[in-house]
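Take a look at the structure set out below.
Taken together, the values in this text are just the output of simple stated rules run on the coordinates, not laboratory data. Only a predicted model underlies this, so the values are computations on that prediction, with no experimental measurement involved. FYI the Cβ positions are ideal-geometry reconstructions off the backbone, even for glycines, and counts take in every protein chain you see.
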Amino acid sequence: MANGDFIVAEECVRLGLRAGAILFRHVQVGPARSALRAEIAAEVRRIREEVVDVEAVRSDPAVMAFRAILKKVGIHPRKEQPSVERLLNFALKRGDLPAVNNLVDAYNLVSVRSLCSLGAHDFDTVAAPVALRFLTGRESFTPLGRATQIAVAAGEYGYVDAQDRVLCRLDVLQADFSKVTANTTNAFLIIEGTTAHTPELLRQTFADAIEVVTRWCGGEAEVICDPLDLSP
């Protein structure tokens, strides 16, 4: 399935993934305002009231679906947790969500509300189109916070740009070169769900992401690819 700047390979749809993207233009990225952190704190309080422990996180149907997909491509989800599971566990243990910048903090808030995996990239550093596909093992990948490349395994899935650079390995680890910083003005937000996420939930997640990101970061939003268009 293709739509301009974003492509989802049929093999990933058959695997159970549902992914789409939003392009945010003219955003202003900087430290999160106190009101955004307060909104995050309120959501974390809700999570801690409703979720007993990490076992409850692991047994959530949405988390289980992400874990099952990782297992299908040979990844042990206890060693490499889905991003949603990591965020929920962070909320349980720390009583907060990570503070990075207003854009990352905003989409992390949407992620824990929806239990979809969200990740943003500086669109001006990326060679379009971005494709969600199985990796061949020949792609280049420098993880977030690292200065040197690491190998990726053939048969895993990931988001890859037109220069064969991995933007995100699985939904576990993002690349350093495309990270969102204070210099970012155009951000490419990927929203990933599974067949466990209903069409209504995916539709609401896109709407929430647009509302929350533009409220805290400004700019204008354009849906590049709608996961509801995907079919096995």
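A crude spin-label estimate for the pair Gln28 and His76, with each label 7 Å from Cα along the Cβ direction, gives 4.8 nm.
Given the alternatives [x] 0.93; [y] 1.18; [z] 0.97, Rg/Rh (Cα atoms, Kirkwood Rh) as computed for this entry is given by [x].
For region 146-198 versus region 1-70, the spacing of their alpha-carbon centroids is 13 Å. Placing a label point 7 Å from the Cα of Ala162 along the Cα-to-Cβ direction, the residues of region 105-131 whose backbone N falls under 17 Å of that point are 122-131.
Taking a point 7 Å from the Cα of Ser140 along the Cα-to-Cβ direction, the residues of region 159-188 with backbone N closer than 15 Å to it are 160-168, 175-179.
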